[in-house]
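Undergrad: Take a look at the following structure, please.
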Amino acid sequence: MPAFETLAVHAGVHPDPETGAVMTPIYQTSTYAQRAPGDHRGYEYSRTDNPTRTPLQRCLAALEGARHGLVFSSGLAAIDAVLNLLSEGDHVVAGDDLYGGTRRIFTQVAARRGLSFSFVPAQDAQRVADAIQPATRLIWVETPTNPMLNLVDLRTIAEIGRSRGILTGVDNTFASPYYQRPIDLGLDIVMHSMTKYINGHSDVVMGCLMLNDDDTYGRLKFLQNAIGAVPAPMDCFLALRGIKTLALRMQRHGENAARVAAWLESHPKVERVLYPGLPSHPQHALAARQMSGSGGMITFFVKGGLDEARRFLSAVEMIALAESLGGVESLIEHPAIMTHASVPPEVRREIGVHDNLIRLSVGIESVDDIVTDLERAFASI
Ligand SMILES: *Cc1c(COP(=O)(O)O)cnc(C)c1O
């Protein structure tokens with residue numbers, strides 16, 4: 001099996017048989033000519049399949065070490081497909097510290113279709129096991145979590161699911177397949193918001209699911225077509241292009257984040273830093289066991305409250321104050337007001353999303369310039 005760096009460049013893609021074009025063409029077409037009714041070359045209609053999408057799906061599967069890959073028009077559309085594997089009356093055990101939109105689709109969309117959810121602190125795997133009911137059909141976790149950077153022990157979660165015949169799924173967006181490969185650890189389904197690290201250039205919204213089981217794949221492939229939340233050919237082209245540098249980008253994100261995290265930890269205006277690569281992280285040992293690096297996301301508490309956080313965030317210059325993460329450029333945001341505003345205030349308090357909490361997506365710029373910009377912002381408080 002070629003190395004990750006090689007797969008990122010080559011997996012799933014071949015020179016175009018007709019022209020020799022080395023890069024996958026953008027097949028900007030909705031339909032395909034058939035020789036006779038039903039006699040086609042594998043492509044009938046672009047909701048079902050598209051030749052720019054197919055190599056992307058194969059490449060993603062290779063990067064996660066999975067047999068199958070499917071892409072969707074957003075990360076949430078990918079999660080919606082997983083939820084559509086379930087039926088009215090089914091129960092889901094989910095981590096309580098999830099991307100805000102994930103919690104929203106669970107509680108405000110899927111709950112209305114008759115699914116029920118138990119949210120537990122999944123960093124304690126025993127709490128996950130204890131929340132299982134006879135109707136539980138899915139365990140859904142995120143690791144590292146957004147924004148608290150808690151880790152979930154994936155081997156243990158996989159074992160809990162396997163021993164009880166419950167499907168397990170993980171949102172691997174924060175780690176990317178470069179730093180964490182949940183299929184190897186026994187998880188059934190891996191999901192990504194490709195909008196973040198996988199595409200990596202903040203110019204596409206897309207999601208994906210990777211898995212081994214042929215039967216579940218068949219059902220998800222059916223749902224991809226039946227629901228129709230598929231990405232456009234141009235976006236698939238951009239994602240394929242972004243993926244070619246995934247290994248290089250993740251390496252740099254990781255190096256920069258490690259330096260920024262250590263710098264923040266020693267800063268007099270910082271109360272606490274959460275980064276799995278720091279020895280002070282409560283699950284530092286688990287990070288070393290299940291991840292090959294800690295990634296580019298850092299969460300920290302500034303000393304003070306909302307006022308200090310606001311002033312700090314308004315003073316950065318190079319780093320954009322924006323939602324999202326995982327792009328080549330550094331981004332910073334205030335979870336309580338921005339990404340996690342849809343999470344009820346009492347839940348935010350419970351999981352620790354306080355008003356002095358700041359989330360930083362460390363880009364691939366010069367780390368010195370990132371630190372300079374942060375130092376300038378600290379000077380304003
Ligand atoms: C952004 C994000 C999502 C949602 O993905 P979209 O592409 O925005 O639909 C899900 N999980 C995590 C961890 C995310 O960061």
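The values are calculated or read from the model by the stated rules, or taken from the named source; none is laboratory data. Quantities reported herein were computed from a predicted structural model and do not represent experimental measurements. Here Cβ is always computed from backbone atoms with ideal geometry, including for glycine, and neighbour counts include all displayed protein chains. Accessible surface is based on the protein model in full, side chains and every heavy atom, while ligands, DNA and RNA are left aside. Shrake-Rupley method; radii C 1.70, N 1.55, O 1.52, S 1.80 Å.
Undergrad: Among the listed residues Val205, Val230, identify the single one that is β-branched (Val, Ile, Thr) and touching a Lys or Arg at 6+ places or on another chain (Cβ under 8 Å).
TA: Within the list Val205, Val230, the selection yields Val230.
Undergrad: Considering the stretch 158-195 alone, what residues qualify as being among the charged types (D, E, K, R) and open to solvent by 20 Å² or more (accessible area, probe 1.4 Å)?
TA: First, pick out the residues of the stretch 158-195 that are among the charged types (D, E, K, R): 159, 162, 164, 171, 181, 184, 188.
Within the stretch 158-195, Glu159, Arg162, Arg164, Arg181, Asp184, Asp188 qualify.
Undergrad: How many residues are under 29 Å from Ala247 (Cβ atoms), in a loop (DSSP other than H, G, I, E, B), open to solvent by 60 Å² or more (accessible area, probe 1.4 Å) and without any contact (Cβ under 8 Å) to a residue 24 or more places away in the chain when one looks only at the stretch 1-39?
TA: 6
Undergrad: Please pick out the residue among Arg272, Arg252 that is under 19 Å from the mean Cα position of the chain (by Cα) and either within 22 Å of Phe378 (Cβ to Cβ) or not assigned by TED's automatic domain parsing to the domain that holds Thr168 (or both). Walk me through how you get there before you give the answer.
TA: On the way: Arg272 fails: under 19 Å from the mean Cα position of the chain (by Cα).
The unique qualifying residue is Arg252.
Undergrad: Identify all residues within the stretch 264-306 that are out of contact with any Asp or Glu (no Cβ under 9 Å at 6 or more places or on another chain) and either free of Cβ contacts under 8 Å to residues at least 24 places away in the same chain or open to solvent by 50 Å² or more (accessible area, probe 1.4 Å) (or both); write none if there are none.
TA: Glu265, Ser266, Pro268, Glu271, Gly277, Pro279, Pro282, His284, Ala285, Ala288, Ser292
Undergrad: Any residue at all in the stretch 171-185 that is within 14 Å of the ligand (Cβ to nearest atom), on the phi > 0 side of the Ramachandran plot and touching a residue at least 24 places away in the same chain (Cβ under 8 Å)?
TA: Yes, that holds for at least one residue.
Undergrad: Continuing with this model, one more query. Please go through the stretch 322-356 and pick out each residue that is outside any loop (DSSP other than H, G, I, E, B) and within 24 Å of Glu255 (Cβ to Cβ).
TA: Once the filter is applied, which keeps residues that are outside any loop (DSSP other than H, G, I, E, B) and within 24 Å of Glu255 (Cβ to Cβ), the stretch 322-356 yields Leu331, Ile332, Glu333.
Undergrad: Shifting gears a bit: Which one of the conditions (1) in a loop (DSSP other than H, G, I, E, B); (2) within 20 Å of the chain's Cα centre (by Cα) does Leu360 fail to meet, given that it meets all the rest?
TA: (1)
Undergrad: Can you run down the residue pairs with Cβ atoms below 9 Å, 6 or more apart or on separate chains, where the first is in the stretch 193-217 and more than 10 Å from the ligand (Cβ to nearest atom) and the partner is aromatic (Phe, Trp, Tyr) and assigned to a helix (DSSP H, G or I)?
TA: Listed by first residue and then by second, the contacts come to Leu209/Tyr217; Leu211/Tyr217.
Undergrad: Those residues that are surrounded by 17 or more Cβ atoms within 10 Å (Cβ to Cβ) and out of contact with any Lys or Arg (no Cβ under 8 Å at 6 or more places or on another chain), I need them from the stretch 208-220; list them, please.
TA: If the condition is that a residue be surrounded by 17 or more Cβ atoms within 10 Å (Cβ to Cβ) and out of contact with any Lys or Arg (no Cβ under 8 Å at 6 or more places or on another chain), then Cys208, Leu209, Met210, Thr216, Leu220 are the ones that fit.
Undergrad: Looking at Ile132, is it aliphatic (A, V, I, L, M), closer than 18 Å to His91 by Cα and assigned to a helix (DSSP H, G or I)?
TA: no
Undergrad: To continue, here is another question. Quick check, is Val316 more than 16 Å from Thr145 (Cα to Cα), touching a Leu at 6+ places or on another chain (Cβ under 8 Å) and surrounded by 19 or more Cβ atoms within 10 Å (Cβ to Cβ)?
TA: yes
Undergrad: Can you spot a residue in the stretch 141-149 that is assigned to a strand (DSSP E or B), within 16 Å of the ligand (Cβ to nearest atom) and closer than 17 Å to Leu76 by Cβ?
TA: Yes: one or more hits.
Undergrad: Kindly indicate the residue of the stretch 319-330 that is surrounded by fewer than 21 Cβ atoms within 10 Å (Cβ to Cβ) and hydrophobic (A, V, I, L, M, F, W, C) and also farthest from Thr107 (Cα to Cα) among those meeting that condition. Reasoning before the result, please.
TA: Taking the stretch 319-330 and keeping what is surrounded by fewer than 21 Cβ atoms within 10 Å (Cβ to Cβ), we get 320-324, 328-329.
Among the residues that remain, those that are also hydrophobic (A, V, I, L, M, F, W, C) are: 320-322, 328.
Numbers: Ala320: 31, Leu321: 28, Ala322: 25, Val328: 32 Å.
My answer is Val328.
Undergrad: Within the stretch 96-136, which residues are more than 16 Å from the ligand (Cβ to nearest atom) and acidic (Asp, Glu)?
TA: Asp124, Asp130
Undergrad: Based on what the data block shows, is Gly165 at positive phi and within 16 Å of the ligand (Cβ to nearest atom)?
TA: no
Undergrad: Select from the stretch 40-52 the residues that are at pLDDT 95 or above, open to solvent by 80 Å² or more (accessible area, probe 1.4 Å) and not acidic (Asp, Glu) and write down the one among them that is nearest to Arg249 (Cα to Cα).
TA: Arg47
Undergrad: Can you spot a residue in the stretch 227-237 that is closer than 24 Å to Phe174 by Cβ, open to solvent by less than 50 Å² (accessible area, probe 1.4 Å) and assigned to a helix (DSSP H, G or I)?
TA: yes
Undergrad: If you go through the stretch 349-371, how many residues are buried (at least 19 other Cβ atoms within 10 Å of the Cβ), among the charged types (D, E, K, R) and touching a Ser or Thr at 6+ places or on another chain (Cβ under 7 Å)?
TA: Selection size over the stretch 349-371: 1.
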